[in-house]
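A short worksheet on the structure shown next.
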Amino acid sequence: MKRIISIFIAVMLLAIAFSPALAVNDTAYSNGSTGEAVVRIQIRLAELGYLNYKATGAYRSMTVEAVKAFQQRCCDVGNSVQIDGVIGAETMNLLFSVNAPRAKIPDSVHIAIGPTHETLEVKGELLEWNAVKDKLSVGRSYEVTDCNTGESVLLAFYGGENHAEMELASSEELAEFMKICGSDFNYYKRPVIVKLDGKNIAASLQCYPHGSENISDNGMDGHICVFFKDSLSHVGQLPDVEHNANVYAAAGQ
């Protein structure tokens, strides 16, 4: 009986020691912290417009100031949080929330984000990225429809390990792409559906081309990223909060 009780206590202690909730509550990141978690924090700060430098994995003065700016912005929009440049549990939850406030942009600055509507025009179904990847063919064009406007554009698939890397199929698609994304290429992410084997698959598209390209005369330099359920980002194979939210929005969830 004593042996059983001892084993039970040992199991409980191990469960507590490895509890994700406790790990989050007990962990704070501040000046001098390093590691993968810091990389993820820096990527998220950059996505929201608070950090204008690449992720290094080292929590230094620029990250501290970016965190302070984020915390101040949180307070400005009604979230009570201490402005100390430290990522504790409260700031962490706010930072990775779907509703995390972006850095304030002056009213005089025009940002092309494309049209949005409260009610989506089209919706698709969720399909995991690994399953989607097996169905995509390199060099083939696929119809991608913006969920907000119902407008469609042909994008050609050219690979991608953790998400799809796609390009405008031709220069004829550029005008439609701009109608969807706005008057210029931008970092805004939009819920879309991709027509695949006769089905509408929920996805998320970022409107800014970058990196390598395979089609040189389509009006776009580089490729754009298209995320599906369980897709991961380029850096650190980490999930992208905003892409994930768009994918589920595109599925009506």
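Cβ-Cβ below 6 Å, separation at least six or inter-chain, first residue in the stretch 59-88 and on the phi > 0 side of the Ramachandran plot, second of a type in the set (Val, Ile, Thr) and at pLDDT 95 or above: which pairs?
85/64; 85/67
What is the one condition in (1) surrounded by 15 or more Cβ atoms within 10 Å (Cβ to Cβ); (2) within 25 Å of residue 246 (Cα to Cα) that residue 59 does not satisfy?
Every condition holds for residue 59 apart from (2).
State yes or no: is residue 132 among the hydrophobic types (A, V, I, L, M, F, W, C), touching a residue at least 40 places away in the same chain (Cβ under 8 Å) and either surrounded by 14 or more Cβ atoms within 10 Å (Cβ to Cβ) or part of a strand (DSSP E or B) (or both)?
yes
Quick one: residue 213 ticks every box in (1) out of contact with any helix residue (DSSP H, G or I) (no Cβ under 8 Å at 6 or more places or on another chain); (2) surrounded by 17 or more Cβ atoms within 10 Å (Cβ to Cβ); (3) assigned to a loop (DSSP other than H, G, I, E, B) bar one, so which box is it?
Answer for residue 213: the failing condition is (2).
When the stretch 46-73 is examined, which residues are found to be closer than 17 Å to residue 105 by Cα, at pLDDT below 95 and among the hydrophobic types (A, V, I, L, M, F, W, C)?
46, 48, 51 - these are the residues of the stretch 46-73 that are closer than 17 Å to residue 105 by Cα, at pLDDT below 95 and among the hydrophobic types (A, V, I, L, M, F, W, C).
Against the condition out of contact with any Phe, Trp or Tyr (no Cβ under 7 Å at 6 or more places or on another chain), outside any helix (DSSP H, G or I) and exposed (fewer than 15 other Cβ atoms within 10 Å of the Cβ), how does residue 143 come out, does it pass?
Yes.
From the residues in the stretch 25-50 that are free of Cβ contacts under 8 Å to residues at least 40 places away in the same chain and part of a helix (DSSP H, G or I), which one is farthest from residue 186 (Cα to Cα)?
26
Scan the stretch 96-107 and tell me whether some residue there is more than 30 Å from residue 33 (Cα to Cα) and either assigned to a loop (DSSP other than H, G, I, E, B) or not polar (S, T, N, Q) (or both).
Within the stretch 96-107, one or more residues are more than 30 Å from residue 33 (Cα to Cα) and either assigned to a loop (DSSP other than H, G, I, E, B) or not polar (S, T, N, Q) (or both).
The values are calculated or read from the model by the stated rules, or taken from the named source; none is laboratory data. Owing to the predicted nature of the structure, the values given are computational and were not obtained by experimental measurement. Here Cβ is always computed from backbone atoms with ideal geometry, including for glycine, and neighbour counts include all displayed protein chains.
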